[in-house]
Structures are given as C-alpha cells and as structure tokens.
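To keep things clear, I will list the structure first and then write my remarks on it.
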Amino acid sequence: MLHSDQSSYFPLYWRKITALSALCGMITGAITVMIRGNVASLTRTIYEIVPGFIICWIVTYFVSIATYRPNAEIEKEFGEALELLKKDS
C-alpha cells in the first residue's frame, strides 16, 4: 500500500506502465498546464497544475493499457525492486 505522500507516484509502482505512456502523459500534462496558464478565463478557476496532473494520469493509464506487452525480465526486476522497498519501510 502506498503512503499518502507517495500517491502521486503511482506509475512508479505499477507494473504495466510503458515508456510511451509515460512520455505521452508528461507531454499531455505539460500542454494542459501551458494552455490553462495562458487562457485568462481558465486561470481564475483552479491552479493549472491540478488538471494537468489529472490529465497526465488518465493519458498514462490508457496508453499503458493499449501498449503494454508482458516481459518476464522486467517483471522480475520490478518485483525485486518492490521487495527492496518493502524492506526499507
């Protein structure tokens, strides 16, 4: 289980994230922040990083689902990394 301060890093703890999905999420989030930050009517509602972060998560999730391919070596390495994190907690 993730601690509350780690909840924003969910992709780091998810086995199915792909490099493409992380890149798409970052680009989409950055574009959202740039657009919201430069449109006067949108800047008065909510700090632009909040919707950028939410859209980044959504895009990362769906692109991961679409592009994930199982890889035994990566699964093994991911499992070992999680075990090390559990020992440190």
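The values are calculated or read from the model by the stated rules, or taken from the named source; none is laboratory data. Quick caveat: nothing in here was measured; it's all calculated off a predicted structure. Because the Cβ atoms are built from the backbone with ideal geometry, glycine has one as well, and the counts that use them run over all protein chains shown.
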Check your understanding: Is there any pair with a first residue in segment 63-84 that is over 20 Å from residue 25 (Cβ atoms) and a second that is hydroxyl-bearing (Ser, Thr, Tyr) and in a helix (DSSP H, G or I) whose Cβ atoms are under 8 Å apart and which are 6 or more apart or on different chains, and what are they?
Key -> 82/13
Practice item. Identify, from the list 50, 59, the residue that is free of Cβ contacts under 8 Å to residues at least 24 places away in the same chain and not hydroxyl-bearing (Ser, Thr, Tyr). Key: 50
Review point. Given the structure, is residue 83 surrounded by fewer than 11 Cβ atoms within 10 Å (Cβ to Cβ) and either under 14 Å from residue 13 (Cβ atoms) or in contact with a Leu (Cβ under 9 Å, 6 or more places away or on another chain) (or both)?
Key: yes
Check your understanding: Which condition breaks for residue 66 when tested against (1) at pLDDT 90 or above; (2) of a type in the set (Gly, Ala, Ser); (3) under 13 Å from the mean Cα position of the chain (by Cα); (4) closer than 28 Å to residue 80 by Cβ?
Key -> (3)
Exercise for review: Keeping to segment 1-37, report how many residues are assigned to a helix (DSSP H, G or I) and modelled with pLDDT under 85.
Suggested key: 11
Review point. Which of the residues that make up segment 9-59 are buried (at least 18 other Cβ atoms within 10 Å of the Cβ) and touching a Leu at 6+ places or on another chain (Cβ under 9 Å)?
Key: 36, 48
**Study point:** Those residues of segment 38-51 which are assigned to a loop (DSSP other than H, G, I, E, B) and closer than 18 Å to residue 25 by Cβ, in sequence order
**Key:** 48
